[in-house]
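As structure tokens, the structure follows; a few thoughts come after it.
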Amino acid sequence: LAKTTQPISMDSYEGQEVNITCSHNNIATNDYITWYQQFPSQGPRFIIQGYKTKVTNEVASLFIPADRKSSTLSLPRVSLSDTAVYYCLVVPMFSGGYNKLIFGAGTRLAVHP
Amino acid sequence: EPEVTQTPSHQVTQMGQEVILRCVPISNHLYFYWYRQILGQKVEFLVSFYNNEISEKSEIFDDQFSVERPDGSNFTLKIRSTKLEDSAMYFCASSDSREVQETQYFGPGTRLLVL
């Protein structure tokens, strides 16, 4: 499984755009990039997933360059409620293990007033 | 929106006691998982379950752990003889396909404290 590296923590202010970059140099051809969000004392929550280029949903955008060795989660106009830990995961398709998720330490985002 | 539920939300037990953590996955999901998170640490995979059998388990999931889907709706994790180091948040998750495009939905967790 490809290892992921992301910043331990980030700080931002309400209304700003936040970009969290994750590196996954050893990503394989059949790997997808997936981001989860976790609030304190809650289970992780899926945010967005992509394979290449750009994916956007109502919560975030995910930018993946052509070499796929990194990805950037973009949160537009964050609010205090976006304070959470954000995990970047590389998930192999058809792993045979029914897609167990391997979480790293994540990025702890603190949004300030 | 359908959600995964877990009971109890908190459980305190004495070392050596058996505990059963319960989960109700999303109703049309076929794949079930348990994860745990020790306070301040990473979320760790324990076990995945499909078609009434374990499909994969981690090194953490030793003989003291077992899982069961007793009645077609509940999915349980049993720890036979709890140890202090079993204290953690335990999360159940479910998904409805083995394809990577299918999301795993997590429950709110059970906080287990072993004294």
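The values are calculated or read from the model by the stated rules, or taken from the named source; none is laboratory data. The model shown is predicted, which means the values in this text are computed figures rather than measured ones. All Cβ positions, glycine included, derive from the backbone under ideal geometry; neighbour counts span all protein chains shown. The area values use the complete protein model at the heavy-atom level, side chains included, leaving out ligands, DNA and RNA. Shrake-Rupley method; radii C 1.70, N 1.55, O 1.52, S 1.80 Å.
Counting only other chains, and only Cβ atoms inside 10 Å, what mean value do you get across the residues of B:12-24? Intermediate values should be presented prior to the final figure.
On the way: counts 0, 0, 0, 0, 0, 0, 0, 0, 0, 0, 0, 0, 0.
Mean shielding count: 0.
Per Stokes-Einstein, at 10 °C and 1.306 mPa s, what whole-number D in µm² s⁻¹ belongs to chain B, with the Kirkwood radius over Cα pairs as the hydrodynamic radius?
On the way: Rh = 14.1 Å.
Here the translational diffusion coefficient equals 112 µm²/s.
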Positive-end residue of A:Thr21, A:Ala66, A:Val78, charge dipole of the range A:9-93 with Cβ unit charges: A:Ala66
So if I place +1 on the C-beta of Lys and Arg and -1 on the C-beta of Asp and Glu, and nothing else carries charge, what would the dipole magnitude of chain A be about its Cα centre? I want it in debye, nearest 20. 340 debye
Anyone know which of A:Asp31, A:Asp82, A:Asp11 comes out most mobile in the 10 Å Cα GNM of chain A? A:Asp11
Partner lysines for A:Lys52 [C-alpha distance under 27 Å; skip if fewer than 8 residues away on the same chain]: A:Lys3, A:Lys69, A:Lys100, B:Lys42
Pairs of Cα atoms under 8 Å, at least six residues apart: use those to get the relative contact order of the range A:9-93, whole percent. 41 percent
Work out the length of the dipole vector of the protein assembly as shown about its Cα centre, built from +1 on the beta-carbon of each Lys and Arg and -1 on the beta-carbon of each Asp and Glu, and round it to the nearest 20 debye. 320 debye
Spatial separation of Cα centroids for the range B:49-74 and the range A:1-42, in angstrom: 29 Å
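What's the ranking of A:37-43, B:20-26 by average number of surrounding C-beta atoms within 10 Å, highest first?
On the way: A:37-43: 15.9, B:20-26: 20.3.
Highest-to-lowest ranking by the protection proxy: B:20-26, A:37-43.
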Hey, in the GNM for chain B with a 10 angstrom Cα cutoff, which one of B:Gly16, B:Gly72, B:Gly40 fluctuates hardest? B:Gly40
Once exposed loop trypsin sites (Lys or Arg not before Pro) are cut out (DSSP; at most 15 other Cβ, 10 Å), longest piece of chain A: A:4-51
Going 7 Å from the Cα of A:Ser41 in the Cα-to-Cβ direction, what parts of the range B:1-38 have a backbone nitrogen less than 11 Å from that spot? B:10
Calculated from backbone phi, Karplus (6.51, -1.76, 1.60) coupling profile of the range B:75-81 in Hz, x at Gly/Pro: 9, 10, 10, 10, 10, 6, 9
Given points 7 Å out from each Cα along the Cα-Cβ axis, report the B:Asp96 to B:Ile20 separation in nanometres with one decimal. 2.8 nm
Taking each residue in A:41-48, count the Cβ atoms of any other chain within 10 Å of its Cβ, then average. What number comes out? 6
Calculate the mean, over all residues of peptide B:104-112, of how many other protein chain Cβ atoms lie within 10 angstrom of the residue's Cβ. 4
For the range A:9-93, build the convex hull from the C-alpha positions and give me its volume per residue in Å³. 95 Å³
For B:Met89 the rounded accessible area (nearest 10 Å², probe 1.4 Å, non-protein molecules ignored) is 20 Å²
quick shape note, the protein assembly as shown: Cα extents on principal axes in Å, largest first -> 49, 39, 32
Which of A:Ile102, A:Ile48, A:Ile64 ends up with the largest GNM mean-square fluctuation for chain A, with Cα atoms connected below 10 Å? A:Ile102
